[in-house]
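Student: Have a look at this one.
The values are calculated or read from the model by the stated rules, or taken from the named source; none is laboratory data. Quick caveat: nothing in here was measured; it's all calculated off a predicted structure. Quick reminder, even Gly has a Cβ in these numbers, built from the backbone with ideal geometry, and neighbours come from all protein chains shown.
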Amino acid sequence: MKETLEYYYGIDVNTIDEQDGKYHFKLNNEDFFFVYYNRGIDELDDIIGVNNEMIKKGIDVHKIMLNRNNSYLTTLNGYNYMLFSVSNLKEEYDIFDMVSISEKLMVTDARSKLYRNNWGELWASKIDYFEYQVRELAYEKSVIKDSFSYYIGLAEVAISYVNNTNFSYGNNFAPRLVLSHRRVFYPNYKLNYLNPLSFIFDMEVRDIAEYIKAMFFKEDFDYSFDELSSFLKIRPMNVYEYQMLFARLLYPTYYFDLYESIMNKDTDEEELVKVIKRVDEFELFLKKTYLEISKYAKIEKIDFLIEER
């Protein structure tokens, strides 16, 4: 790796650490990450364009370094990589920061390759694959086998909710399409949040919902609910957006992300137990969220969540 960096970037460093598949080193008190390019080649120009526009707007995104060939991609053993310069990598962004940053860039035809909004179709495709995988490969994983059907059922509820929302409101209400991310974590550190390889354009509520779900499994009930309530107070929305926010909260990303990591042998199955133990608490969170959103708009009710049990 040292030879690659020296040849392509003229960088001579003594120590390179690998962190979660990223090669990290320091140079002149600045952090650099050499990372696998996990996006389509057809998206590269849009990613670079968005990154440059954010820099012009004063957002301190990662700087993408050109190599000796004046290219943003460096091929190593048949795979493409990028080199980022990252400042203040542990800086944390809360829900108010997310709203402020996301609204600085809206989707346009010029960025159409980064546009995502086919949630129902994508989720349906994923759970079909997961169901096949569990049938064929997960016979030794007892935690997955015992919990899988519940989360597939919850995902199917979310898919139905999205499809019903699109049918009822999709042609009549325009959502806010803003800079979004393939995944949002909690804590929401700059290293992940301002990583150009995570950038997409989607409804604003996508990132908010993913952030709240990630927060729920790291913090307590009240803390997460207060964050959601704060967002609802500062961001007026139409009924389509309120319903899509609730749909996104319904979909168990937190479970399926761990599931995939376990199947790839990157995570121990016991990590799922921490999520499963809070299933009743999260159902209560969804019920309370429904009631909170209902203060702003009349949204579709999910009977098994809302009715008294």
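Student: Under 29 Å from Asp31 (Cβ atoms) and basic (Lys, Arg) - does that describe any residue in region 198-217?
Tutor: Scanning region 198-217, I find at least one residue that is under 29 Å from Asp31 (Cβ atoms) and basic (Lys, Arg), so the answer is yes.
Student: Ok, one more. List the number of the failed condition for Met82; all other conditions in (1) buried (at least 18 other Cβ atoms within 10 Å of the Cβ); (2) closer than 22 Å to Ile208 by Cα; (3) not assigned by TED's automatic domain parsing to the domain that holds Arg182 hold.
Tutor: (2)
Student: Sort through Ile101, Ile95 and tell me the only one that's touching a helix residue (DSSP H, G or I) at 6+ places or on another chain (Cβ under 9 Å) and closer than 25 Å to Phe282 by Cα.
Tutor: Result of the check over Ile101, Ile95: Ile95.
Student: Which numbered condition in (1) touching a residue at least 40 places away in the same chain (Cβ under 8 Å); (2) aliphatic (A, V, I, L, M); (3) over 30 Å from Asp226 (Cα atoms) is the only one that Ile55 fails?
Tutor: Tallying (1) touching a residue at least 40 places away in the same chain (Cβ under 8 Å); (2) aliphatic (A, V, I, L, M); (3) over 30 Å from Asp226 (Cα atoms), Ile55 fails exactly one: (1).
Student: Looking for whichever is among the acidic types (Asp, Glu), under 24 Å from Tyr93 (Cα atoms) and within 23 Å of the chain's Cα centre (by Cα) here; the options are Glu18, Glu30, Glu53, Glu43. Which one fits?
Tutor: Of Glu18, Glu30, Glu53, Glu43, the one residue that is among the acidic types (Asp, Glu), under 24 Å from Tyr93 (Cα atoms) and within 23 Å of the chain's Cα centre (by Cα) is Glu53.
Results for (1) more than 21 Å from the chain's Cα centre (by Cα); (2) over 26 Å from Val134 (Cβ atoms), shown as yes or no for each residue.
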| residue | (1), (2) |
| --- | --- |
| Glu219 | no, yes |
| Phe225 | no, yes |
| Lys233 | yes, yes |
| Met244 | no, yes |
| Pro252 | no, no |
| Met263 | no, no |
| Glu270 | yes, no |
| Tyr296 | yes, yes |
| Lys301 | yes, yes |
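Student: For region 172-220, which residues satisfy the criterion of being surrounded by 20 or more Cβ atoms within 10 Å (Cβ to Cβ) and acidic (Asp, Glu)?
Tutor: Asp202, Glu204, Asp207, Glu210
Student: Can you name the condition, by its number, that Glu136 falls short on among (1) touching a residue at least 12 places away in the same chain (Cβ under 8 Å); (2) surrounded by fewer than 19 Cβ atoms within 10 Å (Cβ to Cβ)?
Tutor: (1)
Student: Restricting to region 254-280, give me the number of residues that are without any contact (Cβ under 8 Å) to a residue 24 or more places away in the chain, part of a loop (DSSP other than H, G, I, E, B) and in contact with a helix residue (DSSP H, G or I) (Cβ under 6 Å, 6 or more places away or on another chain).
Tutor: Residues that pass the stated criteria total 1.
Student: Just checking, does region 197-211 include any residue being touching an Asp or Glu at 6+ places or on another chain (Cβ under 6 Å) and among the β-branched types (Val, Ile, Thr)?
Tutor: Yes.
Student: Here is a further query. Could you tell me which numbered condition Ala124 fails, if it satisfies all but one of (1) in a loop (DSSP other than H, G, I, E, B); (2) among the aliphatic types (A, V, I, L, M); (3) more than 30 Å from Tyr223 (Cβ to Cβ)?
Tutor: Result: Ala124 passes all but (1).
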